[in-house]
Amino acid sequence: MSETKNIMEYETVELDEQEKAVVIIDQTKLPGRTEIIRLKSAQEIWNAIYLLQVRGAPAIGVAAAFGIYVLADAVETDDYDAFLTEFTKQKEYLDSARPTAVNLSWALGRMENVVLENRGKSVAEIKELLKKESIGIKEEDIWVCRTIGEYGLSLVKPGDGILTHCNAGQLATSKYGTATAPIYLGQERGYHFRVFADETRPLLQGARLTSYELHSAGVDVTLICDNMSATVMKNGWVNAVFVGCDRVAANGDTANKIGTSVVATVAKRYNVPVYICAPTSTIDMNTATGADIHIEQRPAEEVTEMWYKERMAPEGVKVFNPAFDVTDNDLIAGIVTEYGIARAPYTESLQEIFRKKEAAKAAKQK
Ligand code: MRU
């Protein structure tokens with residue numbers, strides 16, 4: 001189905017409770033066509049994540065949570081052990097779709113805990129709890145993004161120029177985005193930011209998604225090629241870089257879309273602060289440094305022919321196509337989370353962020 005309302009009015013990921021389906025905008029078709037697709041089988045959900053029909057770390061997590069609920073709900077057994085065996089098989093399958101964004105295994109792990117912690121309950125009750133958890137993951141994501149937006153907004157002032165890379169926008173989350181959240185909040189409050197969106201080769205998330213959603217929201221956005229960031233920074237047009245992330249290691253090293261570390265290196269040269277907007281669901285304290293992060297390698301065709309009318313590289317040429325790179329922690333001015341802004345040394349400040357998270361959780365349970 002192709003639809004025409006403003007892209008900002010759509011839900012990035014939804015659960016259709018009646019039809020038992022994960023409903024997404026097929027992001028590979030944007031900005032030309034807005035096609036809503038319904039995913040029901042394990043293969044459809046896995047493909048949607050792998051092919052980037054749904055993408056961006058938080059949105060992948062929400063899609064996986066809804067996905068595993070839909071698959072678990074279809075398991076026909078009243079026996080807990082048989083249910084757990086099937087659940088685990090489907091969970092591991094979905095988890096294999098993409099390796100770098102930790103939100104995928106984080107969301108699936110949360111769903112798995114629901115099954116493991118409720119062994120004494122009937123399978124029907126566990127299915128209800130899985131639905132509730134998946135909806136909770138999405139609702140939390142909205143709060144997390146808005147809160148990151150508030151902290152991010154405190155780092156800039158009205159009229160500032162902001163550069164972003166890839167799409168860490170509403171299309172990558174449930175609402176607001178992470179790196180775009182300060183921009184949308186600033187827009188609500190009349191900050192008149194001037195935003196530069198890197199086109200983001202090879203899959204053009206910046207051109208197809210970020211510039212599309214910001215433009216649709218009425219933000220002053222200028223699309224630039226990936227090799228133009230030095231020019232706009234040298235011209236003094238950029239006061240801050242806001243980017244998202246797929247996995248932050250315990251020492252602050254950050255994996256994000258390929259090219260982020262180039263932007264951060266250039267930003268250092270021009271004294272522009274680089275802020276990583278990171279929900280705590282994207283911070284992996286079990287990964288010590290960036291060197292331990294598994295970087296996804298993607299098909300050569302994404303570089304040689306995808307998005308081109310004709311192939312733009314000789315047949316048989318060698319291609320290196322990592323989907324992400326790691327920005328070293330010394331290039332990062334701050335990591336903006338929903339529990340505050342972590343500053344170097346990150347090994348300590350990120351632990352403090354998680355202490356705050358635990359304290360907030362404990363206070364809520366009282
Ligand atoms: O390959 P993608 O499009 O899933 O990569 C997305 C990014 O790198 C985003 O910056 C990141 O996931 C953060 S989204 C809030």
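A few points about this structure:
- Residue among Gln365, Gln351, Gln297 that is open to solvent by 60 Å² or more (accessible area, probe 1.4 Å) and within 16 Å of the ligand (Cβ to nearest atom): Gln297
- So Thr28, is it open to solvent by 10 Å² or more (accessible area, probe 1.4 Å) and within 15 Å of the ligand (Cβ to nearest atom): yes
- In this structure, Ile183 does not qualify as more than 10 Å from the ligand (Cβ to nearest atom) and within 27 Å of Gly109 (Cβ to Cβ).
- The single residue among Thr164, Thr147, Thr210 that is open to solvent by 10 Å² or more (accessible area, probe 1.4 Å) and either among the aromatic types (Phe, Trp, Tyr) or out of contact with any Lys or Arg (no Cβ under 8 Å at 6 or more places or on another chain) (or both) turns out to be Thr147.
- Restricting attention to segment 179-207, the residues that are among the hydroxyl-bearing types (Ser, Thr, Tyr) and open to solvent by 10 Å² or more (accessible area, probe 1.4 Å) total 2.
- In summary, no strands (runs of 3 or more DSSP E) completely within segment 145-230 bear 3 or more residues that are at pLDDT below 95 and at negative phi.
- Under the condition of being open to solvent by less than 30 Å² (accessible area, probe 1.4 Å) and of a type in the set (D, E, K, R), the residues counted in segment 310-340 number 2.
For every residue, the table says whether it meets (1) closer than 23 Å to Leu171 by Cβ; (2) hydrophobic (A, V, I, L, M, F, W, C).
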| residue | (1), (2) |
| --- | --- |
| Asp220 | yes, no |
| Cys225 | yes, yes |
| Arg247 | yes, no |
| Ile258 | yes, yes |
| Ile283 | yes, yes |
| Asn286 | no, no |
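- Scan segment 73-101 for residues that are open to solvent by less than 40 Å² (accessible area, probe 1.4 Å), within 16 Å of the ligand (Cβ to nearest atom) and assigned to a loop (DSSP other than H, G, I, E, B) and the total you get is 4.
The values are calculated or read from the model by the stated rules, or taken from the named source; none is laboratory data. Note that this is a predicted model, so its numbers are computed, not measured. Glycine gets a Cβ as well: all are built from the backbone with ideal geometry, and neighbour counts include every protein chain shown. The accessibility values were calculated without ligands, DNA or RNA, using every heavy atom of the protein model including side chains. Shrake-Rupley method; radii C 1.70, N 1.55, O 1.52, S 1.80 Å.
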